[in-house]
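> Right, I'll just put the structure down here and ask away after.
The values are calculated or read from the model by the stated rules, or taken from the named source; none is laboratory data. Since this is a predicted model, take the numbers as computed values, not measurements. Methodologically, a virtual Cβ is constructed for each residue, glycine included, from the backbone with ideal geometry; neighbour enumeration extends over all protein chains shown. Ligands, DNA and RNA are excluded from the accessible area calculation, which covers all protein heavy atoms including side chains. Shrake-Rupley method; radii C 1.70, N 1.55, O 1.52, S 1.80 Å.
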Amino acid sequence: MPEQSLIHRKAAHYYTVFRNERDGWVGETDVHRWADRTTRVFGLAPGTAPADALRRSLLEYWRRLFIPMDADGDGVVSREESLAGFVSLADRPDDYARIVTPSAKVFVATADTDGDGELDKSEFGRLFQSSFALSDEDIDVSFADLDTDGSGSLPTDELRAAIRVFDSSTDPHDRGHRLLGDPGL
């Protein structure tokens, strides 16, 4: 059962950092606020193609990931529904990767302000602080864990690999468990 415990701790951490309103559940309103914060931080004017692409991507993420977790059909995902959903998705990493990969690409494109196709620590920090309200300490922990080759930047492949580890790995030695800071592993 330690594997489920690891996945459960990461799922609980994800829910905590994703939940915007701190009212005990995640709803589509949180996704819109997420898109608004991120577009504002990166200076994307509402209604422009990059801002619209980000919003569409995040809404698709909501529809494909969170709505199926809404077991009682009330339009919001409670902490319990989220934990159960993430624990079950851990057994199907390809399903989750198919949902996350398009959003990861849009995220990188949004945050890649220098246009090099990768996220340096500053770009990564701005993205994850605006999207998940991570602290500077969480950014430091996360970036150090994710920059597997020590290059000082994260190509899309490294970010996707980290997301896959965060969502499905039960090996505590894998890099990526700290995608959203330290989940208390």
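> From Asp52, Asp36, Asp30, Asp94, which residue is within 19 Å of Ala133 (Cβ to Cβ), open to solvent by 30 Å² or more (accessible area, probe 1.4 Å) and part of a helix (DSSP H, G or I)?
Going through Asp52, Asp36, Asp30, Asp94 in turn, just one is within 19 Å of Ala133 (Cβ to Cβ), open to solvent by 30 Å² or more (accessible area, probe 1.4 Å) and part of a helix (DSSP H, G or I): Asp36.
> While we're on this one: I'm trying to understand the selection: among the residues of segment 126-177, which are β-branched (Val, Ile, Thr) and farther than 16 Å from Val106 by Cβ?
Within segment 126-177, Ile139, Val141, Thr148, Val165, Thr170 meet the criteria.
> Inside segment 148-185, can you point out the residues that are free of Cβ contacts under 8 Å to residues at least 12 places away in the same chain and of a type in the set (Asp, Glu)?
Asp149, Asp157, Asp171, Asp174, listed by residue number.
> Now for a different question. Evaluate the following for Val106: is it in contact with a Gly (Cβ under 8 Å, 6 or more places away or on another chain) and over 25 Å from Leu6 (Cβ atoms)?
No.
> Please give the number of the condition Thr16 fails out of (1) polar (S, T, N, Q); (2) closer than 19 Å to Val106 by Cβ; (3) modelled with pLDDT under 90.
(2)
> Tell me whether segment 119-130 contains one or more residues that are of a type outside the set (Val, Ile, Thr) and modelled with pLDDT under 85.
Pass one, segment 119-130, residues of a type outside the set (Val, Ile, Thr): 119-130.
Those still in the list that are modelled with pLDDT under 85 too: 130.
Within segment 119-130, one or more residues are of a type outside the set (Val, Ile, Thr) and modelled with pLDDT under 85.
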